[in-house]
Amino acid sequence: MQKFIVTGGTPLRGEVRIAGAKNAVLKLMAASVLTSEPCLLRNVPRISDVMIMRETMTDIGFDVRRVGADALRITATDADWLFVPLEAAAKMRASFILLGPLLARFGRVIISNPGGDRIGRRPVDLHVAAMESLGARVEYKNGYYFAQAPSGLRGGHIEFPYVTVMGTENAVLAAVLARGSTVIDNAAQEPEVDDLIAMLCAMGARIERVAPHRLEIKGVESLGGAEHAVMGDRLEAGTFAIAAAVTGGDVTVRGVAPEHLGAFLEVLDCMGVPVEILPPSETDAPGLRVRAAGTYAPVAVETQPYPGFATDLQAPTAVLMTQADGVSTIHETIYEDRLDYTTELGKMGAVIEVLDERHCQIAGPTALHGREVEIADLRAGATLVLAALAASETSVISGVEHVDRGYEQIESKLVALGAQIHRIDA
Ligand code: EPZ
C-alpha cells in the first residue's frame, strides 16, 4: 500500500497539462476490437485503468502495445477466447464495455458481472436489455453473462428508461456492425460518448446524433482501423481548478475543452471563483485559468447527466464548499451512495451534515487540518488530496492506488505547481 504525505498551505501556481480522459480512452480501446486492422490512440493517459484494460484485452488475445510516450497501437486480429474474467471486472467496472464490441465482432462472449462498488449497486441490466434489443440472447449464470448472437446482431430500437453512459456506449459499439438501422433514445450526451462516436465514424461506422438524446446508427459490414487522439479529461481539469481555488493559487489548465465543463464553470462562477477561458493558439491547447478569490459564496449543486453538473466532480467541489461563506448543499441524483467521503472530510475539520444517502449540507468557511485519512474510491481520493492541500499542517493519505486509477502522476503535477506532496511505500 502507498500513502501520500501532504503539507498544505502553499498556493498552487503555474501551468498543468491535462491528460487524456479515463472515461473516454477505455471505450476507445474497446472500439478497436471491432476491426482486425490496427488502431492508434494518441494522448493516452498513464493511469492504472488503462493498464487493466490493456491486460484484459491482451488476455483475450489482442495485441495492445504502447507506442512512444503517449500512444497505444491495438490490433485485434483474432481472439484466443471470448471471456472477460471476474478478476478483470473486480478490478474495473469498465471492463464491461467489452460486451458490445465482442458480441458485434465475434457473435458471443462470456463476461463477468462487474457488480457494484463503493458508490452504489451499479447494475448492468440496461446494457443487457440493449443487447437483447439488437437480437442477442443473454443468460446469467454464476456471476457471468453468457451472450450470443449466432446469426449476428440486427438493428433495433433502444429506449433507455434513464441515462446510462456505458449503457449507451455498449449499445453503440454493438449496433455499428448490426444488420440494419438502430435508434437509441434517451442516449447519454457525455463528451466521452461523442469522442467514441468520432473514432467509430473514422473507422467507417455510420452514427448520427440527430437530437441531443437520440442516436441513429446504420449498421455496416465491417470497420477499418483509425487513428484517434483521446479528448482531454474534464474531470482532471475540474480537480485542478478546485486545487487552485482552495489553496489561494493561480493555475492555468491546458488540454481540456472548456465547453465540456459548462455546468461546473457555472458553479465556480456562482461561488465567485475567477475563471478565464483560454482559446487554443498556435502553440497551446485550449483550457482555462483559475485564480483564487478572498471569499466564496455558498452554492446549491445537483448532479445530473451531461450537460448537467458531473457527479464525478461532486466530491471535489465539496472541498471548495468548505471554504464558502455560508451553507452549501449537494444533491447527488446519479448514485445512491456517493457521499462517503464526507466522513473523512469531517475528520479534517469540514462541517458537513449528511441528511440522507443523496443529500448533504456543508457550512463554511472552516479551517481544514491535516489528518490521517483513508481513500475509499477514485474521486473521493482526489477530494482528500485537495483538502490536504488546503489544510494547515500535514496529512497522511492512504489508499492512493485509487487515485492512480484515474489521475496521471497526480503528485508530480501538483509538485510542479508548488505543492508539498510526496508518495511513500507504507
Ligand atoms: C460512467 O459510469 C463513468 N465511468 C462514471 O465515472 C460516471 O460517474 C458515470 O458514467 C455517470 O456519469 C466510465 O465512463 C468508465 P451510468 P457508468 O451507467 O456508465 C444506473 C469515475 O469516477 N444504471 O451512467 O457505469 C447506475 O447504477 C466513474 O470515473 C443502472 O441502474 O454510469 C447509476 O446509478 C465513477 N443499470 C446510473 O444508472 C444499468 O444497466 C448512471 O450510471 C446501468 C446504469
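What follows is calculated from the coordinates using simple rules that are stated; it is not laboratory data. As the structure is a prediction and not an experimental result, all values here were calculated from the model. Cβ coordinates were reconstructed from backbone atoms using ideal geometry, including for glycine residues, and neighbour counts include every protein chain displayed.
Go from 0 up to the bin containing the longest alpha carbon distance in segment 28-83, width 5 Å each, and give me the % of pairs per bin. Calculated over all Cα pairs of segment 28-83, the distribution is 4, 22, 33, 27, 10, 4, 0 percent. The angle between the Cα long axis of helix 234-246 and the longest principal axis of the Cα atoms of the chain comes to about 0 degrees, rounded to the nearest 10.
Please work out whether segment 283-328 counts as rounded, prolate or oblate from its C-alpha gyration tensor, where a ≥ b ≥ c are the square roots of the eigenvalues and a/c under 1.5 means rounded, while otherwise a/b larger than b/c means prolate and anything else oblate? Don't skip to the end; give the middle numbers.
Working: a/c = 2.74, a/b = 1.19, b/c = 2.31.
Oblate shape, in that a/c is at least 1.5 and b/c is the bigger or equal ratio.
Report the calculated FRET efficiency for residue 270 and residue 424 (r = Cβ-Cβ distance, R0 = 45 Å), to the nearest 0.05. About 0.70, to the nearest 0.05. Remark: spin-label model distance residue 63-residue 181 equals 3.8 nm, labels positioned 7 Å along the Cα→Cβ axis. Toward the positive end of the charge dipole of the chain, with +1 on the Cβ of Lys and Arg and -1 on the Cβ of Asp and Glu, the farthest Cα among 304, 361, 292 is that of 304.
Which parts of segment 299-339 would a label at residue 355 reach, counting a residue when its backbone N lies under 12 Å from a point 7 Å out along Cα-to-Cβ? The answer is 300-302, 328-332. Rounded to the nearest 20, the Cβ-based charge dipole of segment 98-230 about its Cα centre (Lys and Arg +1, Asp and Glu -1) stands at 460 debye.
What separates the Cα centres of segment 327-384 and segment 89-156 is a distance of 33 Å. With the simple model of a label 7 Å out from the Cα in the direction of the Cβ, residue 55 to residue 415 spans 2.6 nm. Computed over segment 22-229, the percent of Cα pairs more than 27 Å apart is 21.
Stretched out straight at 0.36 nm per residue, the stretch from residue 263 to residue 17 would grow longer than its current Cα-Cα span by 86.4 nm. Here the simple spin-label model places points 7 Å from the Cα toward Cβ, and for residue 159 and residue 137 these points are separated by 2.7 nm. Is the shape of segment 285-426 rounded, prolate or oblate, going by the alpha carbon gyration tensor and its root eigenvalues a ≥ b ≥ c, with a/c under 1.5 for rounded and a/b larger than b/c for prolate? In terms of gyration-tensor shape, rounded. Relative to the current alpha-carbon distance between residue 209 and residue 36, full extension at 0.36 nm per residue lengthens the span by 59.6 nm.
The Kirkwood radius of the chain, taken over pairs of alpha-carbon atoms, gives through the Stokes-Einstein law at 20 °C and 1.002 mPa s a diffusion coefficient of 97 µm² s⁻¹. This model, with +1 at the C-beta of Lys and Arg and -1 at the C-beta of Asp and Glu, gives the chain a dipole about its Cα centre of some 700 debye.
A Förster radius of 45 Å combined with the Cβ-Cβ distance from residue 300 to residue 71 puts the calculated FRET efficiency at roughly 0.60.
Where only DSSP H runs of four or more residues are counted, the chain gives -9000 deg cm²/dmol as its mean residue ellipticity at 222 nm, each run worth -39500 (n - 2.57).
With a threshold of 26 Å on the Cα-Cα distance, the over-threshold entries among 91/218; 3/27; 3/347; 27/347; 22/347 are 91/218; 3/27; 27/347; 22/347.
Pair-distance distribution P(r) for segment 1-60, from all Cα-Cα distances in 5 Å bins starting at 0: 4, 13, 19, 18, 13, 11, 9, 6, 4, 2, 0 percent.
Compared with the dominant principal axis of the Cα atoms in the chain, helix 165-175 is inclined by about 20°.
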